[in-house]
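One structure below.
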Amino acid sequence: MVVVKRIALALCALAVLVFALIGVLHTFRGTPVSGVAQVGGGERGVGDPVFRAATEALIETPLQGGNDVEILDNGDETFPLLWRDLAGARRSIDIRLYYMEPGGLAQKLKRVLVERARAGVPVRLLYDAVGSSLPDSYVDSLRAAGVRALAYRP
């Protein structure tokens, strides 16, 4: 009986250690890719065709020309630009959310999406039903304003 208790305790300790390690690794994970190392040395920059090919293979999507990318490090950099761009949308808004909880950001997003939909801009929202804990009333109010809101993995 003592042996069983020790094994159970060891398994619990191992589980706690694994979850702690995963949390630490998640916290200190690296930044977005800025270059691709070539076998045999040398680095490929974003303008290099090899970088493009490697990126397309990684994301399983062909890259289209004529786009700009701006790296934003945190919410203080991201959200003012996001709100500006969404509020200024004239042709359409297509947005995917993997994680969203009720709160100030969700309310701001709803205000902007509803305003654009009422202005005649087609607005489509695809949200992860598992990763988002938005109440039905939130989604219903978007739909009532003309936003096409759909859950994936419901």
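The values are calculated or read from the model by the stated rules, or taken from the named source; none is laboratory data. Because the structure is a prediction, the values reported are computed rather than measured. All Cβ positions, glycine included, derive from the backbone under ideal geometry; neighbour counts span all protein chains shown. Side chains are part of the model used for accessible areas, which takes the heavy atoms of the whole protein and leaves out ligands, DNA and RNA. Shrake-Rupley method; radii C 1.70, N 1.55, O 1.52, S 1.80 Å.
Can you pull out every residue in the range 139-154 that is in a loop (DSSP other than H, G, I, E, B) and open to solvent by less than 80 Å² (accessible area, probe 1.4 Å)? Quick ask: steps written out before the conclusion?
Filtering the range 139-154 for residues in a loop (DSSP other than H, G, I, E, B) gives 145-147, 153-154.
Result: Ala145, Gly146, Val147.
Condition test on Asp94, is it touching a strand residue (DSSP E or B) at 6+ places or on another chain (Cβ under 6 Å) and either modelled with pLDDT of 75 or more or under 30 Å from Ala106 (Cβ atoms) (or both)?
Values: touching a strand residue (DSSP E or B) at 6+ places or on another chain (Cβ under 6 Å): yes; either modelled with pLDDT of 75 or more or under 30 Å from Ala106 (Cβ atoms) (or both): yes.
When the stated conditions are applied, Asp94 passes them.
Could you check how many residues of the range 100-154 are acidic (Asp, Glu) and under 19 Å from the mean Cα position of the chain (by Cα)? Matching residues across the range 100-154 total 2. Filtered by the rule that a residue be at pLDDT 90 or above and in contact with a Lys or Arg (Cβ under 7 Å, 6 or more places away or on another chain), the range 126-140 gives Leu126, Tyr138.
I'd like the residue in the range 41-60 that is outside any helix (DSSP H, G or I) and open to solvent by less than 70 Å² (accessible area, probe 1.4 Å) and, out of all such residues, is modelled with the lowest pLDDT. Spell out how you get there, then give the answer.
Taking the range 41-60 first, the residues outside any helix (DSSP H, G or I) are 41-48, 60.
Keeping just the survivors that are open to solvent by less than 70 Å² (accessible area, probe 1.4 Å) gives 41-42, 44-45, 48.
Numbers: Gly41: 61, Gly42: 65, Arg44: 68, Gly45: 72, Asp48: 78.
Among them, the one singled out is Gly41.
In this entry, Leu82 passes the filter for residues that are part of a helix (DSSP H, G or I), open to solvent by 40 Å² or more (accessible area, probe 1.4 Å), among the aliphatic types (A, V, I, L, M) and within 23 Å of Ile71 (Cα to Cα). Can you tell me which residue within the range 115-126, out of those that are open to solvent by 30 Å² or more (accessible area, probe 1.4 Å) and in contact (Cβ under 8 Å) with a residue 24 or more places away in the chain, is nearest to Arg153 (Cα to Cα)? Residue satisfying both the conditions and the ranking: Leu126. When each of Ala87, Ala117 is tested for being more than 30 Å from Gly47 (Cβ to Cβ) and in contact with a Gly (Cβ under 7 Å, 6 or more places away or on another chain), the lone residue that passes is Ala117.
Among the residues making up the range 56-114, a single one is acidic (Asp, Glu), under 23 Å from Leu150 (Cα atoms) and free of Cβ contacts under 8 Å to residues at least 24 places away in the same chain: Asp85. Ala89 fulfils the conditions (1) part of a helix (DSSP H, G or I); (2) open to solvent by less than 50 Å² (accessible area, probe 1.4 Å) except for a single criterion, (1). In the set (1) open to solvent by less than 80 Å² (accessible area, probe 1.4 Å); (2) modelled with pLDDT under 90; (3) in contact with a helix residue (DSSP H, G or I) (Cβ under 8 Å, 6 or more places away or on another chain), Asn74 fails one condition alone, (3).
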